[in-house]
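Engineer: Input: one structure, supplied below.
The values are calculated or read from the model by the stated rules, or taken from the named source; none is laboratory data. As the structure is a computational prediction, the values presented were derived from the model and not from experiment. Reconstructed Cβ throughout: ideal geometry from the backbone, glycine too, with neighbour counts over all protein chains shown.
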């Protein structure tokens, strides 16, 4: 949260657009923060994106017709996609497409989040962005829950604050 992951993803995609490449941006349907059909950063930068429906915890409906035409695929909030997304990403890469993903690597408990650890292990390059700790100003390490919701999903806004290790430990994250 607030580490500018979506901003970096947009920047990668726009760079390839300038080179004349066809770029497709994807976002999970669960991400309804600002728009259903765009990736919008916290500071208002916007790029059109396809809203991908996650039909259940195992299945995702991808627009393969559009992805087959793409040179570059940029996927935001990848931690919310089910495990099936890994094989789709590997298939896109095998087709010679460049794939960029952005997402949280840890949940609110400081545990690996969704498919992100696997994708990080398989990636050619990993850039780990850090937000600023909302409590002390150091580099944040985790999105710390400040509400009482019991789901694993990390939300946006007042429910979560970026926290460094020390501040997270002081607030009960182990």
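Engineer: Kindly evaluate residue 127 against the criterion of being over 21 Å from residue 30 (Cβ atoms) and out of contact with any strand residue (DSSP E or B) (no Cβ under 9 Å at 6 or more places or on another chain).
Structural biologist: Yes; evaluated as a whole, the condition is true for this residue.
Engineer: With 21, 27, 46 as the choices, which residue is out of contact with any helix residue (DSSP H, G or I) (no Cβ under 6 Å at 6 or more places or on another chain) and buried (at least 21 other Cβ atoms within 10 Å of the Cβ)?
Structural biologist: Every option except 27 fails the conditions.
Engineer: Going residue by residue through the stretch 98-119, is there one that turns out to be over 21 Å from residue 54 (Cβ atoms), surrounded by 15 or more Cβ atoms within 10 Å (Cβ to Cβ), more than 13 Å from the chain's Cα centre (by Cα) and at pLDDT 95 or above?
Structural biologist: The answer is yes, given that some residue of the stretch 98-119 is over 21 Å from residue 54 (Cβ atoms), surrounded by 15 or more Cβ atoms within 10 Å (Cβ to Cβ), more than 13 Å from the chain's Cα centre (by Cα) and at pLDDT 95 or above.
Engineer: Okay, next question. For the stretch 30-43, which residues satisfy the criterion of being within 24 Å of residue 84 (Cα to Cα) and in contact with a helix residue (DSSP H, G or I) (Cβ under 8 Å, 6 or more places away or on another chain)?
Structural biologist: 30, 31, 39
Residue-wise test of (1) touching a helix residue (DSSP H, G or I) at 6+ places or on another chain (Cβ under 8 Å); (2) surrounded by 15 or more Cβ atoms within 10 Å (Cβ to Cβ); (3) at pLDDT below 85; (4) not in a loop (DSSP other than H, G, I, E, B).
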residue	(1), (2), (3), (4)
137	no, no, no, no
144	yes, yes, no, yes
147	no, no, yes, no
151	no, no, yes, no
155	no, yes, yes, no
158	no, no, yes, no
161	no, yes, no, yes
167	no, yes, no, yes
172	no, no, no, no
